[in-house]
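The values are calculated or read from the model by the stated rules, or taken from the named source; none is laboratory data. Fair warning: this is a prediction, and the values are worked out from it, not measured in the lab. Cβ placement follows ideal geometry from the backbone for every residue including glycine, while neighbour counts extend to all protein chains displayed.
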Amino acid sequence: MEWFPVKLLTGSFNRCGRDWGKNQGCFINPFCRLYLITKGGAHVLIGEREHELRSGNAYFLPGNLPSRNRCDDFMEVYWVHFAPQSLWLEYFLDRYKEVHVWPLDRLRFWKPVYSLLKEFPLPENSPGNYRLQSFFLFLLSDLLEEKPPEDDTPLLLRLKNALLFMDREYLRNPPLSVLAAKAGMAPNYFHRKFKEVFPGFTPHSYMETKRMRDAKALLATGHSLKETAEMTGYANVFYFSRSFKKVFRKSPSQARKEINS
């Protein structure tokens with residue numbers, strides 16, 4: 001089952017005018033944004049600082065901060081809103097509060113790829129979607145390189161080892177004792193610290209959520225409930241259906257109907 005580091009929520013290519021953001025006021029985006037400006041320009045407020053968006057640059061705009069958009073003339077822009085799918089990446093991006101800028105000249109190799117945003121959304125298993133995901137891996141690697149490693153505490157680094165293991169092995173549903181060993185902690189201590197650093201998740205619920213995301217994608221491609229349960233590590237269809245409903249608040253059958261409608 002394919003796994004991508006980010007979920008591309010929405011995107012396109014647009015020409016924005018003076019109405020862009022005019023009636024929106026100040027808002028908080030729960031997602032990150034990428035703007036690639038080909039002509040014109042605009043301004044965005046991120047936190048307490050206003051940034052000028054200039055033609056010939058690409059901009060990473062962090063989420064979960066007060067934001068406001070303003071365009072005094074026009075702007076032609078490839079844009080995409082995205083959210084991390086890894087808890088570790090989510091934790092990192094939540095702490096990354098800076099606007100990052102790339103000259104488009106540096107990204108010229110990627111122009112045929114980000115131009116695919118004109119056709120968004122792309123089928124999940126299409127070559128174009130894989131290329132877009134590769135583009136985001138390139139950009140995220142720049143952000144990760146820029147962040148000083150000394151900002152990561154020993155606790156976070158120990159949890160990272162376990163989290164990366166979970167991202168690889170979640171279909172096998174490894175027990176808490178194995179996960180704790182990857183972090184060099186006692187199981188109860190690991191469980192407590194995991195919840196402390198990643199609120200809203202236990203180690204088990206994190207892996208279960210990842211399995212259910214895979215299940216939803218499999219159902220969308222025509223797999224039966226039995227096949228989907230087996231491919232996501234559930235030997236029992238009833239237990240699979242119960243877990244699916246706990247995560248998505250709907251049964252697998254209801255989800256399939258919505259996908260096919």
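Here are the numbers:
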{"quantity": "From the options F201, F244, F165, F194, residue that is within 21 Å of the chain's Cα centre (by Cα), outside the structural domain of Q85 (by TED's automatic domain parsing) and not in a helix (DSSP H, G or I)", "calculated": "F201"}
{"quantity": "Odd one out for G128 among (1) touching a helix residue (DSSP H, G or I) at 6+ places or on another chain (Cβ under 8 Å); (2) modelled with pLDDT of 95 or more; (3) part of a helix (DSSP H, G or I); (4) not acidic (D, E)", "calculated": "(2)"}
{"quantity": "Verdict on L122 being hydrophobic (A, V, I, L, M, F, W, C) and either assigned to a helix (DSSP H, G or I) or touching a Ser or Thr at 6+ places or on another chain (Cβ under 9 Å) (or both)", "calculated": "no"}
{"quantity": "The listed residue being closer than 29 Å to K182 by Cα and among the hydrophobic types (A, V, I, L, M, F, W, C), out of L132, L122, L156, L116", "calculated": "L156"}
{"quantity": "Any hit, the stretch 93-106, residues being farther than 19 Å from S134 by Cβ, among the aliphatic types (A, V, I, L, M) and in contact with a strand residue (DSSP E or B) (Cβ under 9 Å, 6 or more places away or on another chain)", "calculated": "yes"}
{"quantity": "Given (1) polar (S, T, N, Q); (2) assigned by TED's automatic domain parsing to the domain that holds M231; (3) within 18 Å of P84 (Cβ to Cβ), index of the condition S134 fails", "calculated": "(2)"}
{"quantity": "Conditions (1) out of contact with any Phe, Trp or Tyr (no Cβ under 9 Å at 6 or more places or on another chain); (2) without any contact (Cβ under 8 Å) to a residue 60 or more places away in the chain; (3) part of a helix (DSSP H, G or I): number failed by A235", "calculated": "(3)"}
{"quantity": "Residue in the stretch 165-183 that is basic (K, R), surrounded by 15 or more Cβ atoms within 10 Å (Cβ to Cβ) and modelled with pLDDT of 90 or more present", "calculated": "yes"}
{"quantity": "Unique match (being in the same structural domain as A83 (by TED's automatic domain parsing), aliphatic (A, V, I, L, M) and assigned to a helix (DSSP H, G or I)) among L179, L171, L218, L143", "calculated": "L143"}
{"quantity": "Filter result (touching a helix residue (DSSP H, G or I) at 6+ places or on another chain (Cβ under 8 Å) and of a type in the set (G, A, S)) within the stretch 208-261", "calculated": "A215, A220, A229, G233, A235, S241, S243, S251, S253, A255"}
{"quantity": "The stretch 139-164, subset at pLDDT 80 or above and of a type in the set (D, E, K, R), residue surrounded by the most Cβ atoms within 10 Å (Cβ to Cβ)", "calculated": "K160"}
{"quantity": "Complete set of residues in the stretch 1-40 that are modelled with pLDDT under 80, surrounded by 15 or more Cβ atoms within 10 Å (Cβ to Cβ) and farther than 18 Å from L143 by Cα", "calculated": "N29"}
{"quantity": "Among the residues listed as L143, L104, the single one being out of contact with any Pro (no Cβ under 6 Å at 6 or more places or on another chain) and under 30 Å from M207 (Cβ atoms)", "calculated": "L143"}
